[in-house]
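Enquirer: Have a look at the structure that comes next, please.
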Amino acid sequence: MASSPTTDGLTESVAKRKGSPCQQDDDCQDDKRIRSGADLLEDIFWYIHSLMPLRDAARAACVSHSFLRSWRCYPYLMFSEELLRLQESAFSDDERTRNLISKVNHILQNHSGIGVKKLELVFLDSTDVDLSYIDSWLHKAVTRGIEELTLILPINSNAEYSFPCSLLSDGNGNSIQYLHLSRCAIRPTADLGCLRTLTTLHLYSVRITGFELEYLLSNSPALEWLIMMDCKEIVQLKIPSC
(Lines give C-alpha, C1' and ligand atoms only; values in the text may rest on other atoms or scores of the structure.)
Protein backbone atom coordinates (compact mmCIF):
# COMPACT_ATOMS: atom_id res chain seq x y z
CA MET A 1 0.00 0.00 0.00
CA ALA A 2 1.10 3.57 -0.68
CA SER A 3 1.18 4.59 2.98
CA SER A 4 3.35 1.67 4.12
CA PRO A 5 6.78 3.03 3.06
CA THR A 6 6.14 6.30 4.86
CA THR A 7 5.00 4.57 8.03
CA ASP A 8 7.94 2.12 8.00
CA GLY A 9 10.38 4.95 7.33
CA LEU A 10 9.10 6.97 10.26
CA THR A 11 9.22 3.93 12.58
CA GLU A 12 12.76 3.09 11.51
CA SER A 13 13.85 6.71 11.94
CA VAL A 14 12.45 6.91 15.46
CA ALA A 15 14.20 3.65 16.39
CA LYS A 16 17.56 4.83 15.08
CA ARG A 17 17.39 8.09 17.04
CA LYS A 18 18.09 6.03 20.16
CA GLY A 19 21.57 5.20 18.83
CA SER A 20 24.81 7.20 18.76
CA PRO A 21 25.03 10.93 17.96
CA CYS A 22 26.58 10.00 14.60
CA GLN A 23 23.57 7.87 13.77
CA GLN A 24 21.27 10.69 14.82
CA ASP A 25 23.10 13.14 12.52
CA ASP A 26 22.84 10.71 9.61
CA ASP A 27 19.20 10.11 10.36
CA CYS A 28 18.49 13.85 10.47
CA GLN A 29 19.99 14.20 7.00
CA ASP A 30 17.91 11.25 5.81
CA ASP A 31 14.79 12.82 7.32
CA LYS A 32 15.55 16.09 5.51
CA ARG A 33 15.91 14.21 2.24
CA ILE A 34 12.62 12.39 2.87
CA ARG A 35 10.82 15.59 3.75
CA SER A 36 12.25 17.53 0.81
CA GLY A 37 11.23 14.69 -1.52
CA ALA A 38 7.70 14.74 -0.13
CA ASP A 39 7.58 18.52 -0.43
CA LEU A 40 8.75 18.31 -4.04
CA LEU A 41 6.04 15.78 -4.84
CA GLU A 42 3.46 18.01 -3.17
CA ASP A 43 4.69 20.98 -5.23
CA ILE A 44 4.35 18.91 -8.42
CA PHE A 45 0.77 17.96 -7.51
CA TRP A 46 -0.02 21.61 -6.73
CA TYR A 47 1.45 22.79 -10.05
CA ILE A 48 -0.45 20.18 -12.09
CA HIS A 49 -3.64 21.01 -10.22
CA SER A 50 -3.23 24.75 -10.81
CA LEU A 51 -3.14 24.13 -14.59
CA MET A 52 -6.53 22.41 -14.60
CA PRO A 53 -9.74 24.31 -15.38
CA LEU A 54 -11.89 24.95 -12.32
CA ARG A 55 -14.40 22.14 -12.97
CA ASP A 56 -11.66 19.57 -13.62
CA ALA A 57 -9.70 20.74 -10.57
CA ALA A 58 -12.78 20.28 -8.39
CA ARG A 59 -13.34 16.77 -9.74
CA ALA A 60 -9.70 15.83 -9.15
CA ALA A 61 -10.00 17.01 -5.54
CA CYS A 62 -12.83 14.50 -5.05
CA VAL A 63 -10.66 11.49 -5.93
CA SER A 64 -7.19 12.42 -4.64
CA HIS A 65 -6.06 13.45 -1.15
CA SER A 66 -3.10 15.32 -2.66
CA PHE A 67 -5.35 17.27 -5.02
CA LEU A 68 -7.79 17.86 -2.17
CA ARG A 69 -5.04 19.58 -0.16
CA SER A 70 -3.99 21.71 -3.12
CA TRP A 71 -7.65 22.49 -3.87
CA ARG A 72 -7.80 24.56 -0.69
CA CYS A 73 -5.18 26.84 -2.27
CA TYR A 74 -6.34 26.62 -5.90
CA PRO A 75 -5.16 29.92 -7.46
CA TYR A 76 -7.63 30.61 -10.29
CA LEU A 77 -11.22 31.07 -9.10
CA MET A 78 -13.37 32.02 -12.09
CA PHE A 79 -17.14 31.88 -11.69
CA SER A 80 -19.77 32.52 -14.35
CA GLU A 81 -22.78 30.70 -15.79
CA GLU A 82 -20.76 29.90 -18.91
CA LEU A 83 -17.70 28.50 -17.12
CA LEU A 84 -19.84 26.44 -14.74
CA ARG A 85 -22.09 25.35 -17.63
CA LEU A 86 -25.32 26.66 -16.15
CA GLN A 87 -26.71 28.10 -19.38
CA GLU A 88 -28.93 25.16 -20.27
CA SER A 89 -32.38 26.27 -21.36
CA ALA A 90 -33.90 23.73 -18.97
CA PHE A 91 -33.24 26.17 -16.13
CA SER A 92 -35.12 29.39 -15.54
CA ASP A 93 -33.15 32.59 -14.90
CA ASP A 94 -33.84 32.34 -11.17
CA GLU A 95 -32.76 28.69 -11.07
CA ARG A 96 -29.50 29.45 -12.88
CA THR A 97 -28.77 32.27 -10.44
CA ARG A 98 -29.49 30.05 -7.42
CA ASN A 99 -27.30 27.29 -8.85
CA LEU A 100 -24.46 29.71 -9.52
CA ILE A 101 -24.63 31.17 -6.01
CA SER A 102 -24.74 27.67 -4.51
CA LYS A 103 -21.67 26.53 -6.45
CA VAL A 104 -19.66 29.66 -5.63
CA ASN A 105 -20.60 29.32 -1.96
CA HIS A 106 -19.63 25.65 -1.84
CA ILE A 107 -16.26 26.19 -3.52
CA LEU A 108 -15.24 29.20 -1.45
CA GLN A 109 -16.36 27.60 1.82
CA ASN A 110 -13.89 24.79 1.09
CA HIS A 111 -11.10 27.15 0.02
CA SER A 112 -8.57 28.48 2.51
CA GLY A 113 -8.49 31.92 0.88
CA ILE A 114 -4.71 31.53 0.56
CA GLY A 115 -2.90 31.54 -2.77
CA VAL A 116 -5.62 33.09 -4.94
CA LYS A 117 -4.06 34.75 -7.99
CA LYS A 118 -7.18 35.40 -10.04
CA LEU A 119 -10.79 35.92 -8.96
CA GLU A 120 -13.65 36.40 -11.42
CA LEU A 121 -17.23 36.85 -10.27
CA VAL A 122 -19.35 37.28 -13.40
CA PHE A 123 -23.12 37.57 -12.89
CA LEU A 124 -23.93 39.32 -16.15
CA ASP A 125 -27.12 37.37 -16.95
CA SER A 126 -28.13 36.56 -13.40
CA THR A 127 -31.19 37.83 -11.60
CA ASP A 128 -31.05 39.30 -8.11
CA VAL A 129 -27.91 38.39 -6.16
CA ASP A 130 -27.83 39.05 -2.43
CA LEU A 131 -25.07 41.63 -2.00
CA SER A 132 -24.00 40.07 1.30
CA TYR A 133 -22.80 37.06 -0.72
CA ILE A 134 -20.61 39.32 -2.85
CA ASP A 135 -19.10 40.84 0.27
CA SER A 136 -18.31 37.50 1.88
CA TRP A 137 -16.80 36.06 -1.32
CA LEU A 138 -14.55 39.07 -1.85
CA HIS A 139 -13.38 39.09 1.76
CA LYS A 140 -12.59 35.38 1.52
CA ALA A 141 -10.63 35.40 -1.73
CA VAL A 142 -9.03 38.85 -2.04
CA THR A 143 -5.87 38.28 -0.03
CA ARG A 144 -2.15 38.96 -0.34
CA GLY A 145 -0.79 37.84 -3.69
CA ILE A 146 -3.93 38.35 -5.77
CA GLU A 147 -3.12 39.65 -9.25
CA GLU A 148 -6.42 39.84 -11.15
CA LEU A 149 -9.87 40.75 -9.89
CA THR A 150 -13.05 40.93 -11.98
CA LEU A 151 -16.47 41.76 -10.55
CA ILE A 152 -19.37 42.00 -13.01
CA LEU A 153 -22.78 42.36 -11.38
CA PRO A 154 -26.21 41.76 -12.98
CA ILE A 155 -27.69 44.23 -15.42
CA ASN A 156 -30.54 44.98 -13.01
CA SER A 157 -28.26 45.64 -10.03
CA ASN A 158 -28.32 49.43 -10.65
CA ALA A 159 -24.79 49.76 -9.24
CA GLU A 160 -26.12 49.48 -5.69
CA TYR A 161 -23.16 47.49 -4.44
CA SER A 162 -20.20 49.52 -3.17
CA PHE A 163 -16.87 47.80 -3.72
CA PRO A 164 -14.98 47.72 -0.38
CA CYS A 165 -11.71 49.55 -1.07
CA SER A 166 -10.40 48.39 2.30
CA LEU A 167 -9.93 44.95 0.71
CA LEU A 168 -6.96 46.35 -1.19
CA SER A 169 -5.28 47.79 1.89
CA ASP A 170 -2.81 46.20 4.33
CA GLY A 171 -0.71 44.81 1.50
CA ASN A 172 -3.54 43.07 -0.38
CA GLY A 173 -3.31 45.64 -3.16
CA ASN A 174 0.47 45.40 -3.57
CA SER A 175 0.19 42.59 -6.12
CA ILE A 176 -2.98 43.53 -8.02
CA GLN A 177 -2.29 44.04 -11.73
CA TYR A 178 -5.75 43.92 -13.31
CA LEU A 179 -8.98 45.33 -11.86
CA HIS A 180 -12.30 45.11 -13.72
CA LEU A 181 -15.46 46.43 -12.05
CA SER A 182 -18.89 46.57 -13.64
CA ARG A 183 -22.26 47.82 -12.32
CA CYS A 184 -21.13 48.76 -8.85
CA ALA A 185 -19.84 51.80 -7.00
CA ILE A 186 -16.29 52.45 -5.86
CA ARG A 187 -15.47 55.28 -3.47
CA PRO A 188 -11.68 55.40 -3.02
CA THR A 189 -10.56 56.74 0.34
CA ALA A 190 -7.38 56.64 2.38
CA ASP A 191 -8.20 52.98 3.12
CA LEU A 192 -7.30 52.08 -0.45
CA GLY A 193 -3.54 52.30 -0.10
CA CYS A 194 -1.11 52.28 -3.02
CA LEU A 195 -1.84 49.96 -5.97
CA ARG A 196 1.78 49.95 -7.04
CA THR A 197 1.50 47.09 -9.56
CA LEU A 198 -1.89 47.91 -11.11
CA THR A 199 -1.45 48.19 -14.89
CA THR A 200 -5.04 47.79 -16.18
CA LEU A 201 -8.20 49.40 -14.78
CA HIS A 202 -11.53 48.66 -16.46
CA LEU A 203 -14.66 50.47 -15.22
CA TYR A 204 -18.06 49.84 -16.84
CA SER A 205 -21.25 51.44 -15.50
CA VAL A 206 -19.44 52.23 -12.27
CA ARG A 207 -20.51 54.97 -9.90
CA ILE A 208 -17.41 57.04 -9.25
CA THR A 209 -16.85 60.80 -9.40
CA GLY A 210 -14.04 62.48 -11.30
CA PHE A 211 -12.40 63.51 -8.03
CA GLU A 212 -12.55 59.93 -6.70
CA LEU A 213 -11.10 58.53 -9.92
CA GLU A 214 -8.28 61.08 -9.78
CA TYR A 215 -7.46 59.83 -6.28
CA LEU A 216 -7.51 56.23 -7.52
CA LEU A 217 -5.22 57.06 -10.44
CA SER A 218 -2.80 58.96 -8.22
CA ASN A 219 -2.40 55.76 -6.19
CA SER A 220 -1.72 53.65 -9.29
CA PRO A 221 1.75 54.72 -10.49
CA ALA A 222 2.23 51.74 -12.86
CA LEU A 223 -1.12 52.12 -14.66
CA GLU A 224 -0.91 51.61 -18.44
CA TRP A 225 -4.53 51.06 -19.48
CA LEU A 226 -7.63 52.93 -18.30
CA ILE A 227 -10.86 51.73 -19.93
CA MET A 228 -14.14 53.42 -18.98
CA MET A 229 -17.70 53.19 -20.27
CA ASP A 230 -20.95 54.64 -18.95
CA CYS A 231 -19.50 56.12 -15.75
CA LYS A 232 -22.08 58.88 -15.56
CA GLU A 233 -20.95 60.56 -12.34
CA ILE A 234 -17.73 61.70 -14.01
CA VAL A 235 -18.23 65.24 -15.30
CA GLN A 236 -14.60 66.29 -15.42
CA LEU A 237 -11.42 64.28 -15.04
CA LYS A 238 -7.86 65.42 -14.52
CA ILE A 239 -5.27 62.72 -15.14
CA PRO A 240 -2.54 63.10 -12.51
CA SER A 241 1.03 63.18 -13.76
CA CYS A 242 3.53 60.62 -12.50
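Enquirer: Identify the residue in the stretch 85-100 that is at pLDDT below 60 and over 26 Å from the mean Cα position of the chain (by Cα) and, among all such residues, is surrounded by the most Cβ atoms within 10 Å (Cβ to Cβ).
Expert: So, considering only residues that are at pLDDT below 60 and over 26 Å from the mean Cα position of the chain (by Cα), the one surrounded by the most Cβ atoms within 10 Å (Cβ to Cβ) is Glu88.
Enquirer: Looking for something in contact with a strand residue (DSSP E or B) (Cβ under 6 Å, 6 or more places away or on another chain) and in a loop (DSSP other than H, G, I, E, B) - is there at least one such residue anywhere in the stretch 165-182?
Expert: no
Enquirer: Restricting attention to the stretch 127-153, which residues are β-branched (Val, Ile, Thr), more than 13 Å from Asn174 (Cα to Cα) and either surrounded by fewer than 15 Cβ atoms within 10 Å (Cβ to Cβ) or modelled with pLDDT of 90 or more (or both)?
Expert: Matches in the stretch 127-153: Ile134, Thr150, Ile152.
Enquirer: If you don't mind, there's one more thing I want to ask. List pairs: first in the stretch 207-235 and among the basic types (Lys, Arg), second at pLDDT below 95 and crowded, with 19+ Cβ neighbours inside 10 Å, Cβ under 6 Å, 6+ apart or cross-chain?
Expert: Close Cβ pairs satisfying both conditions: Arg207/Ala159.
Enquirer: Could you check, for the stretch 198-219, whether at least one of its residues is surrounded by 21 or more Cβ atoms within 10 Å (Cβ to Cβ), on the phi > 0 side of the Ramachandran plot, touching a Leu at 6+ places or on another chain (Cβ under 7 Å) and of a type outside the set (Phe, Trp, Tyr)?
Expert: no
Enquirer: Just to check your reading of the model, which residue among Ile107, Ile114 is over 23 Å from Ile152 (Cβ atoms), modelled with pLDDT of 65 or more, in the same structural domain as Asp130 (by the TED database) and within 17 Å of the chain's Cα centre (by Cα)?
Expert: One residue alone meets the criteria, Ile114.
Enquirer: Of (1) under 28 Å from Lys238 (Cβ atoms); (2) in contact with a strand residue (DSSP E or B) (Cβ under 9 Å, 6 or more places away or on another chain), Ala222 satisfies all except one. Which?
Expert: Single failed check for Ala222: (2).
Enquirer: Next question, about the same structure. Kindly indicate whether any position in the stretch 99-113 is touching a residue at least 40 places away in the same chain (Cβ under 8 Å), farther than 13 Å from Leu77 by Cα and of a type outside the set (A, V, I, L, M).
Expert: Looking for residues that are touching a residue at least 40 places away in the same chain (Cβ under 8 Å), farther than 13 Å from Leu77 by Cα and of a type outside the set (A, V, I, L, M), one finds none in the stretch 99-113, hence no.
Enquirer: Between residues in the stretch 71-97 that are assigned by the TED database to the domain that holds Ser126 and residues that are modelled with pLDDT under 70 and not in a helix (DSSP H, G or I), which pairs lie under 6 Å by C-beta distance while being six or more apart or on different chains?
Expert: Taking only residues 6 or more apart or on different chains, the pairs are Glu81/Gln87; Arg96/Leu86.
The values are calculated or read from the model by the stated rules, or taken from the named source; none is laboratory data. Bear in mind the structure is a predicted one, so any value in this text is a computation, not a measurement. Cβ atoms come from the backbone with ideal geometry, glycine included; neighbour counts cover every protein chain shown.
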